[in-house]
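Participant: Following this message is one structure expressed as structure tokens.
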Amino acid sequence: MKKNRFVFFTLLLLCCKLHAQDTEPQQLNLLKAPASPAAHLLNFATSSIDRPTDLTAFWLTANNLTGNFTKLPNSYAIELSPSTLFKTDLSLSGLRSVKFTDVVRQTFVLSAGFKLFDDTVTSTSYYKTAVGFKFMLARPEWSAQTNAKYKVLRALQKELTQKVGANSDAIDSMPAIKQLLAERTALRDEPGGTTSKAYKEKDAEYQELRKAMREKLSKEKNENLHRQIKEKAKDFTIERVGFFAELAGGVSVAFPTNDFNYSVTDKSGLWLTAGHEGGNDKMSALFLARYLYQPESVYADSTGKIPAKRISTFDMGGRFIYTSPDGKFSVSAEAIYRSVLNKSVIDPSWRTVFNAGYQLGGNQQVTFTFGRDFNGFVEKGGNLVAGINYLVGLGGQRFLN
């Protein structure tokens, strides 16, 4: 089973280098930070307080203690962005909107994950799974630098569009194009007209050939302009500055016997993250308020004698992030205070975490996390190398309009 998961993970990584056609949306580096409610519920998220991020259509994160490089990842989470996955919003300019309905639709995320747990008492392993959601209630606006880069991209795209349009007459005069157009016209005049299967197939053939010829002429005559657009798009990242608020929640389920027919609800929760995004070369401040019902363990109970059923906890905390001038590197420190609401005999506890992340480009990010969890144990988690978490996003294409 581990082998199959590793192969699946590897294939996803190999697919992450997507190349857009010249007349298709440009591939942009949109994924700025991990954002996984499922990973939070399964306790392997790199940070408990997420910063706002623009989204690709699909992304995957893997986390594990390597055990001196002898173990494969045992924790996975995937995120789906319906707005981009189903192509309801592929416009780059649409990501500038701060209108409430646009923000909710574009930032809505469905999350799922699983993690393998070891039971030290019975010396057995079992799985937990989680599903979750998140969306922003308000998001920061683009910075002046991002707006300036966007205007340059738009100007280059407009110039290319005008030059490609000038090739239309040359394309329409090509014998192959003229032949397909005549055949399509003849099928249109037959019974069934434009609704017939034959007409639709011929129209698709005509459009495909015309598109291929347009791209061929465009590449030949505007090679330098194409190269400029691709280079600018590759380096384009979105920097946001201002207030944000985000709501997230979910539920996790344990399978103690690894039997799908027997499951136990592990925990459920709802949390709000809000703050101010400072942008590059500035400090960002994030704050969290989170309610969890029946956590997997009572972290403040060192004796193990207090009943862990029907426990409710409330967390409050903050995180401060510094981002480098180019936006690729960030370091942060967070602290969260946890109180148990319905068990007065249990003392509150703290979680403190240091986090460092680096953008690898191409919607890929690597992060290092080290800190102290609520239960007091030193926490180290990652993928393949202890403390390393790898995130890859697919579907970062957007129209430059």
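Participant: Is the range 115-123 home to any residue that is modelled with pLDDT of 85 or more, crowded, with 16+ Cβ neighbours inside 10 Å and not in a strand (DSSP E or B)? Even if it seems obvious, please write down each step before you answer.
Facilitator: Pass one, the range 115-123, residues modelled with pLDDT of 85 or more: 115.
Going one step further and asking which of them are crowded, with 16+ Cβ neighbours inside 10 Å, we end up with 115.
Still in the list and also not in a strand (DSSP E or B): none.
There is no residue in the range 115-123 that is modelled with pLDDT of 85 or more, crowded, with 16+ Cβ neighbours inside 10 Å and not in a strand (DSSP E or B).
Participant: State whether one or more residues within the range 88-103 are open to solvent by less than 40 Å² (accessible area, probe 1.4 Å), out of contact with any Asp or Glu (no Cβ under 9 Å at 6 or more places or on another chain) and modelled with pLDDT of 90 or more.
Facilitator: Within the range 88-103 (the criterion being open to solvent by less than 40 Å² (accessible area, probe 1.4 Å), out of contact with any Asp or Glu (no Cβ under 9 Å at 6 or more places or on another chain) and modelled with pLDDT of 90 or more), the answer is yes, since at least one residue qualifies.
Participant: If the requirement is being of a type outside the set (Gly, Ala, Ser), farther than 21 Å from Leu92 by Cβ and at pLDDT below 80, which of these qualifies: Glu215, Glu220?
Facilitator: Working: Glu215 fails: farther than 21 Å from Leu92 by Cβ.
The unique qualifying residue is Glu220.
Participant: For the range 267-290, what are the residues that are touching an Asp or Glu at 6+ places or on another chain (Cβ under 8 Å), open to solvent by 10 Å² or more (accessible area, probe 1.4 Å), of a type outside the set (D, E, K, R) and closer than 16 Å to Gly317 by Cα?
Facilitator: If the condition is that a residue be touching an Asp or Glu at 6+ places or on another chain (Cβ under 8 Å), open to solvent by 10 Å² or more (accessible area, probe 1.4 Å), of a type outside the set (D, E, K, R) and closer than 16 Å to Gly317 by Cα, then Trp271, Leu272, Ala274, Ala289 are the ones that fit.
Participant: Among the residues of the range 296-305, is there at least one that is of a type outside the set (A, V, I, L, M) and modelled with pLDDT of 80 or more? I'd like the intermediate steps shown before the answer.
Facilitator: Filtering the range 296-305 for residues of a type outside the set (A, V, I, L, M) gives 296-297, 299, 301-305.
Pick out the ones that are also modelled with pLDDT of 80 or more and you get none.
Checked the range 296-305: no residue is of a type outside the set (A, V, I, L, M) and modelled with pLDDT of 80 or more.
Participant: Here is a follow-up. Residue check: is Val109 over 30 Å from Asp326 (Cβ atoms) and either under 21 Å from the mean Cα position of the chain (by Cα) or buried (at least 16 other Cβ atoms within 10 Å of the Cβ) (or both)?
Facilitator: Spelling it out, it is not the case that Val109 is over 30 Å from Asp326 (Cβ atoms) and either under 21 Å from the mean Cα position of the chain (by Cα) or buried (at least 16 other Cβ atoms within 10 Å of the Cβ) (or both).
Participant: Report, by residue number, each residue of the range 96-124 that is in contact (Cβ under 8 Å) with a residue 24 or more places away in the chain and farther than 19 Å from Ala38 by Cβ.
Facilitator: Arg96, Val98, Phe100, Val103, Val104, Gln106
Here is a yes/no grid of residues against (1) under 30 Å from Asn280 (Cα atoms); (2) modelled with pLDDT of 75 or more:
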site: Gly113; (1), (2): no, yes
site: Tyr126; (1), (2): no, yes
site: Ala130; (1), (2): no, yes
site: Leu137; (1), (2): yes, yes
site: Ala144; (1), (2): yes, yes
site: Lys151; (1), (2): yes, yes
site: Lys163; (1), (2): no, no
site: Ala166; (1), (2): no, no
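Participant: Just give me the residues in the range 249-266 being in contact (Cβ under 8 Å) with a residue 60 or more places away in the chain and surrounded by fewer than 14 Cβ atoms within 10 Å (Cβ to Cβ), in sequence order.
Facilitator: Those that are in contact (Cβ under 8 Å) with a residue 60 or more places away in the chain and surrounded by fewer than 14 Cβ atoms within 10 Å (Cβ to Cβ): Thr257, Asn258.
The values are calculated or read from the model by the stated rules, or taken from the named source; none is laboratory data. As the structure is a computational prediction, the values presented were derived from the model and not from experiment. A quick note on method: Cβ atoms are made from the backbone with ideal geometry, for glycine too, and the neighbour counts reach across all protein chains shown. What goes into the accessible areas is simple: the full protein's heavy atoms, side chains included, and nothing from ligands, DNA or RNA. Shrake-Rupley method; radii C 1.70, N 1.55, O 1.52, S 1.80 Å.
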